[in-house]
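First up is the structure itself, then whatever we jot down about it.
Please treat every number below as a calculation from the coordinates, not as lab data. As the structure is a prediction and not an experimental result, all values here were calculated from the model. Ideal geometry is used to build each Cβ from the backbone, glycine not excepted, and the neighbour counts take in all protein chains shown.
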């Protein structure tokens, strides 16, 4: 297959710059590109990777020069869309935020040629089952597609071969944490039940255990702050009964629905780590005008997109297979969350709080088809450099 002019089924959009953010940035990016090329070739998925190079550092090579772009028998093509420094400098807080991730994704989404567009990041490896499902060609407009994110150590980058990478990621001993619909869970909760044959059963049990610990802590707090006394107080008795009987039943039932009927029953949307994997039809991205183009750190902007899609009536589908995230510094993790907020506050970088997100959810609830961006979203009026790259012979294996 050598006809690279055929319209892609899927456009994959990521944003980056050659600044070594989080350490080993180029190695992570090359691992992402190589594994993606191998997967597209394996499953005969006709796709394009749009790398939006935002505000390239003047003292470093461009992404085109720094990275390799492996051949995949024509299944994966490459484009680099550049947002130059002079364009970046026109935005608010540009002196403190060198890269606007969500505006950058909008730049790529707007210019995507595929029928469907996946907004993702450059530190991921897509699981074999996930790519096979996408390549089947059964994606539909009116849906938004999500996947759980499994975090793995950076050691996975020591492997060049895609089979070795997948074997490493599929080994639960190498799993750091699971980012699922109901929250982020430490890997130990899955490893303890590795002997069970049913993956869904193991996941269900691990979530029940996590829920039970949280419930016991909360129940202890309720009893401490509102103990039962000899004095009749109906409200305290009702609260006690709710937290003792009703709430745990509802909680476990919701866990059951989450694991065994994922994507089939409307309930809490899967926003956890949604910046790493959100897939919609190109036409649906355009209806939403993509991510809110706020001039701030990207926290919660990806979640607003998910709530926005639900407001428009799009159905959520969560794939059975995950994406694997290569662990690195500089971003969010449960262990580093507080340090992240302190760093942003110290540098006077704005971001959305949980209360801000709740306010956006209320706006969407009151007006489901609200639009957060003007018609100029995605820098439609900017004539940005958009270069098609020729695939190369690899010095580091891509398959």
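Here are some notes:
- Most to least packed among 162-168, 270-276 [average Cβ atoms within 10 Å]: 270-276, 162-168
- Counting neighbouring beta carbons within 10 Å and listing from fewest to most, the residues 33, 134 come out as 33, 134.
- Put the Cα centre of the range 39-53 next to the Cα centre of the range 364-389 and the gap is 23 Å.
- Across the range 28-150 the C-alpha pair distances fall into 10 Å bins from zero in the proportions 11, 40, 34, 14, 2 percent.
- Most to least packed among 366-375, 171-180 [average Cβ atoms within 10 Å]: 171-180, 366-375
- When the square roots of the Cα gyration tensor eigenvalues are ordered a ≥ b ≥ c, the ratio a/c for the range 133-183 is 1.5 or more and a/b does not exceed b/c, which makes its shape oblate.
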